[in-house]
Structure formats: C-alpha cells, structure tokens
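Undergrad: Dropping the structure in here first, questions after.
The values are calculated or read from the model by the stated rules, or taken from the named source; none is laboratory data. Since the structure is predicted, the reported quantities are computational estimates derived from the model, not experimental observations. With ideal geometry, Cβ positions are generated from the backbone for all residues, glycine too; neighbour counts draw on all protein chains shown. Just the protein is used for accessible areas: all its heavy atoms, side chains included, with ligands, DNA and RNA removed. Shrake-Rupley method; radii C 1.70, N 1.55, O 1.52, S 1.80 Å.
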Amino acid sequence: MIEVESLTKRYGTVRAVDELSFTAHSGAVTGFLGPNGAGKSTTMRVVVGLERPTSGTATVDGRRYADLAAPLHAVGVMLDARSVHPGRTAFRHLLAQARTHGISRKRVDEVIGMTGLESVAGRRAGTFSLGMGQRLGIAGALLGDPGTLILDEPVNGLDPDGVLWVRRLVRELADEGRTVLLSSHLMHELALCADRVVIIGKGRLLADAPVQEIIDRSTGAASLEDAYLQLTADSVQYRGRSADDSATTPTAGSTR
Amino acid sequence: MTVAAPTRPGVTFSRVLAAEWTKLLSVRSTLWTVVGTILAAASLAFALGMFVRPDSGQSGSSLIVSGYLLAQLGTLVLGVMVGTGEYSVGTFRVTFTAVPRRLPVLLAQALITAVVALATAVGALLASFLVTVGQRGAGGLTVDLTDGATVRVLVDYVCFLVGVAVVGLGIGALLRRPTAALVTGVLVLVVFDHLLAVNPGRVTDTVRALLPGSGARLTMDDATLTALDATTLGPQLGPWGGGVVLGLWAVGLLIAAGYRLRRHDLA
C-alpha cells in the first residue's frame, strides 16, 4: 500500500506537488493521471526516496522508502526506461541491480524470461529500442518479487503485443494482492487495466475514484478520456494548437 | 529497521560492492582506460629514456616513473568515469532506488576505483620497467630493489596514481558532469601548478604545495625533492608531504560528494 499524505514539493517558487493526498491500495491497480508537468513523476520520485518532500509524507506499507532494509523486495520501480548504461548488456544491468540485494542469477534469468528479453539479454542496452528498454525497466522492477510496483508510463513505446502483455501483467500482479501504481497518458489503456484512478493537475488532486465512478460523475462523459479532459481542462500547462489555428493566440499558455 | 526474513536479506555493504564491481567491469570503457593508461605511461617513459646520458646522474627509478605525467591523466579519467557514470546516463535512479541510503554506493565506488587504479598503476610500473631496460643499461642507470629510496619511489608512484583516481572520483561524484569534472581535474592537478610556477613567491609556492598535483612529489627521488625543497618559498613538504596533501584532497572531495549525495535530491 502506498500512502501519500499532504505531500508538497517545491522547487524554488514552483510548487510541483501541492498538498497531495491519495492511497494506492494493495490488490488493486491504481492509475495515476495528469497533464504534462502535473507532478506525477515528482510524486513518484518522492515516494521512492530520490527526492525529499518539502512537507507531508509518502510511505510504502507504512514506512518511508529510505527506511526499507530491502527496498527491491518491497517496491519494484520503473521511472525511466532510459536509465541504463548504453554500453552494458541487459543481463549485466539486471545482475548489478540484483547483487545489491544478493538476488540470484537464476532470478535475473527468470525476469529476463518473463519480459521476453531472452534473445537480447547479451546485447548492449544502447542498441535497444524504446520498447525493449521498457521491458528491461519492467524486468528490473520485478527482480525482487516486490509487493508494490511503481511504474511510470510502462507502455510507452511498446508494440500492441507488449501493451497487452503489460495490461495482463499488472492485472495478475494486483490479483496476487500486490499494489500497483501506474502512470500513463493512454486513457483507453488505463480504463481497461486500472481499478481506480488518481487524477492530478498542477500538483493538486483533481479526482480519486474508481474508473466508472469518474465517468459517471462527469456530465455527458462517455469514456475515461472525456472525463479526464473535463477534469483537467483548467490544469493543462502545455497546450499545442492546430495547424490552421496558428494565427490566433493560444488561450491557455505555459505558466512557467 | 526490521530484520528481513532469512531467505530475503537486504542491502549490505559487500553486496553494494559486488554490484559496483559488476557495473565497472561490464562496460568496455573501463578496460580501454586501463590499457590506455599503461600504454601511455610506458610510451612516455620510453620516449624520455631516449634522452638519457650516461653522465646525467639520473636514477634508474626516476626514469621508470617518468611516465606519471600521462599516467595521472589516465587514472584521473578512470575516477571521473566512475564518479559521473551514473549521472551521465541516468542509471542513478536505478542505483539509488536499490540502495536508498546512498552513501554505501559512493564508498563502494571509491574502493573499486582504488583497486582498479592500483592494478593499472602496477601494470604501468611493470611496463615502464620493461620498456626502459635497454636504455637504462646503455645509460648506466641502475635500479637496486634492495635500496629503500628506490623502492620508495616505485611504491609511491603507485600510491600517487591511486590517489589521483580517488580525487577524480570525488570531483566526478561532486560535479556529476563528465566534461566539467575532467576539466576541473586537469586544472587542479596540472594546469594551476604550471601557471603558478611561472611566478615563484611565498604565496604562489604555498598554493602550489597545497594543490593535489603536489602529490606528484611522490614520484620524485630524494635528490630531486631536496633540490625542490631548497628552492621553494612555501612549505617544505619532504618525501611524504605531497602524498598527505593528495590524500587530504581525496578524502575532502569524497566528504563533499557524500554531503551532496546524502542531503540533496536526485532528480
């Protein structure tokens, strides 16, 4: 279980996360949504102890991440698929991670098998496509057989087969009683695999409810995407324009 | 802190050490740096050996260690690579979510850097010894391994190169950017010393003595050191003083890097 309570993270004068509270429960997939710059990745980095909160707390199973004696066994983390040395093979990358916890080579081979990377495990990660990098990141998250998984945009760059695989994987992990917190911009995907969604904008909580409830609550929304767009309409910080619109001034520009 | 179940033990220092070892040995740049350093050291010693005159009064050991000018850049690069590697490619997120206490990683990196630098320095010493055999014979330069002063120079050459590697690691871990760290390393180790040497005086000589490049005194034989100490207007460091200065830089930089690592966000 991941508990975030009144979490605030400020960089200088910018409040990246602002009094955010939510809980990701065990046995469920919690989708974490928000426009670019909403504070999703910042929140995830605070939860796993890479950054310190300005105020508030973030705990996993009631404890601060930094206080975990065996973090890989408690929490599987994938924050960025590019977090691999391009000159290191996939196997060595995972082995180095495993060795910090005395996890066996057998387990490394197992997660390579689970993520379908057998044929490229001996190849240097610099030659990997984004999708293969995602698989490697997910393999790293699974290494310690953790009770909680935190995955930042795990389906980015995956082929349709890979997207389906992630959907089934997170479903299985949650059904085994694990906590899964998953961020994504793919609404249709989240509507399919998440039990509950937490939507944030400009660092603040906009909604925290089961998928169907969020759709029902929005006026005239037929899908999670409609509901999401309604909820975040005032929180979008970066908005593009359509090509034939280029002469007009944007209505909501960047706030930074 | 709770005690984990016996089948699921957690992070220990020896495990972090094993992980860092795996990382260092699994990138090719490590091997190339080691080989390049040894080749550069031996080549320079050989090149300088071509100018040896029988009447120069030079010691055999000073010729063997004369490749230090290039070798120090090699072990500096090694340290900088280990210190900045995590940050230049983003693997620090993986590393520090596995070891959230962070400091064991820096300590493990310092240890393995020192070990690899030690092996590199011994390799450079042996290679330099071998390639200058003929030149030493022709020039009448002897290397007496029962002579304490000779052994001191050879051993200290290794100590110097290891010290430079740890300084490189410290600068790398502190600055986190390979280019900035390497430039800084070369400046404080070599360039400032040469610039200050142009204008001798009490202040400049004192500053020179306190720069990490002062550790290069470890590679000098007793006669050279005595001559240096006789002309300096700053502190007279003797045979060990330069090594102490280098060691303090290494420790100081590691403490500063550890402070930054422990107290600040890893974004």
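Undergrad: For the range B:245-266, check the following and say yes or no: at least one residue is open to solvent by less than 40 Å² (accessible area, probe 1.4 Å), in a loop (DSSP other than H, G, I, E, B) and within 14 Å of another protein chain (Cβ to nearest Cβ).
TA: yes
Conditions (1) farther than 30 Å from A:Gln212 by Cβ; (2) of a type in the set (Gly, Ala, Ser); (3) part of a helix (DSSP H, G or I), marked per residue:
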| residue | (1), (2), (3) |
| --- | --- |
| A:Ser119 | yes, yes, yes |
| A:Ala139 | yes, yes, yes |
| A:Asp145 | yes, no, no |
| A:Arg168 | no, no, yes |
| A:Leu181 | no, no, no |
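Undergrad: Additional query: Give, as residue ranges, the helices (runs of 4 or more DSSP H) completely inside the range B:109-188 that count at least 2 residues that are touching a Leu at 6+ places or on another chain (Cβ under 6 Å) and crowded, with 16+ Cβ neighbours inside 10 Å.
TA: Values: elements: B:133-139, B:148-175, B:178-186.
Per the criteria, B:148-175, B:178-186.
Undergrad: In the range A:69-94, what residues are assigned to a loop (DSSP other than H, G, I, E, B), facing another protein chain (nearest Cβ under 7 Å) and open to solvent by 10 Å² or more (accessible area, probe 1.4 Å)?
TA: Within the range A:69-94, A:Ala69, A:Ala70, A:Leu79, A:Asp80, A:Arg82, A:Val84, A:His85, A:Pro86, A:Gly87, A:Arg88 qualify.
Undergrad: A further question follows. How many residues are within 27 Å of A:Gly177 (Cβ to Cβ), within 11 Å of another protein chain (Cβ to nearest Cβ) and open to solvent by 10 Å² or more (accessible area, probe 1.4 Å) when one looks only at the range A:47-60?
TA: 1
Undergrad: Right, another one. Note down all Cβ pairs under 9 Å where the first residue falls in the range B:150-177 and is within 30 Å of B:Tyr87 (Cβ to Cβ), the second is charged (D, E, K, R), and they're at least six residues apart or on different chains.
TA: B:Phe160/B:Arg217; B:Ala173/B:Glu86; B:Ala173/B:Arg260; B:Leu174/B:Arg260; B:Arg176/B:Glu86; B:Arg176/B:Arg260
Undergrad: While we're here: Answer with yes or no whether A:Val84 is within 23 Å of the chain's Cα centre (by Cα) and at pLDDT below 95.
TA: Working: within 23 Å of the chain's Cα centre (by Cα): yes; at pLDDT below 95: yes.
So A:Val84 fits the description; yes.
One line per residue, one yes/no per condition, for (1) among the hydroxyl-bearing types (Ser, Thr, Tyr); (2) farther than 30 Å from B:Ala227 by Cα; (3) more than 10 Å from chain A (Cβ to nearest Cβ):
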{"residue": "B:Pro9", "(1), (2), (3)": "no, yes, no"}
{"residue": "B:Thr30", "(1), (2), (3)": "yes, yes, no"}
{"residue": "B:Val34", "(1), (2), (3)": "no, yes, yes"}
{"residue": "B:Ala41", "(1), (2), (3)": "no, no, yes"}
{"residue": "B:Leu48", "(1), (2), (3)": "no, no, yes"}
{"residue": "B:Gly90", "(1), (2), (3)": "no, yes, no"}
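Undergrad: So A:Gly133 passes all but one of these: (1) in a helix (DSSP H, G or I); (2) of a type in the set (Gly, Ala, Ser); (3) in contact (Cβ under 8 Å) with a residue 24 or more places away in the chain; (4) crowded, with 24+ Cβ neighbours inside 10 Å. Which condition number does it fail?
TA: Going through the list (1) in a helix (DSSP H, G or I); (2) of a type in the set (Gly, Ala, Ser); (3) in contact (Cβ under 8 Å) with a residue 24 or more places away in the chain; (4) crowded, with 24+ Cβ neighbours inside 10 Å, A:Gly133 breaks only (4).
Undergrad: Quick one: would you say B:Ser62 is surrounded by fewer than 22 Cβ atoms within 10 Å (Cβ to Cβ), touching a Leu at 6+ places or on another chain (Cβ under 9 Å), assigned to a helix (DSSP H, G or I) and among the hydroxyl-bearing types (Ser, Thr, Tyr)?
TA: Values: surrounded by fewer than 22 Cβ atoms within 10 Å (Cβ to Cβ): yes; touching a Leu at 6+ places or on another chain (Cβ under 9 Å): yes; assigned to a helix (DSSP H, G or I): yes; among the hydroxyl-bearing types (Ser, Thr, Tyr): yes.
Yes.
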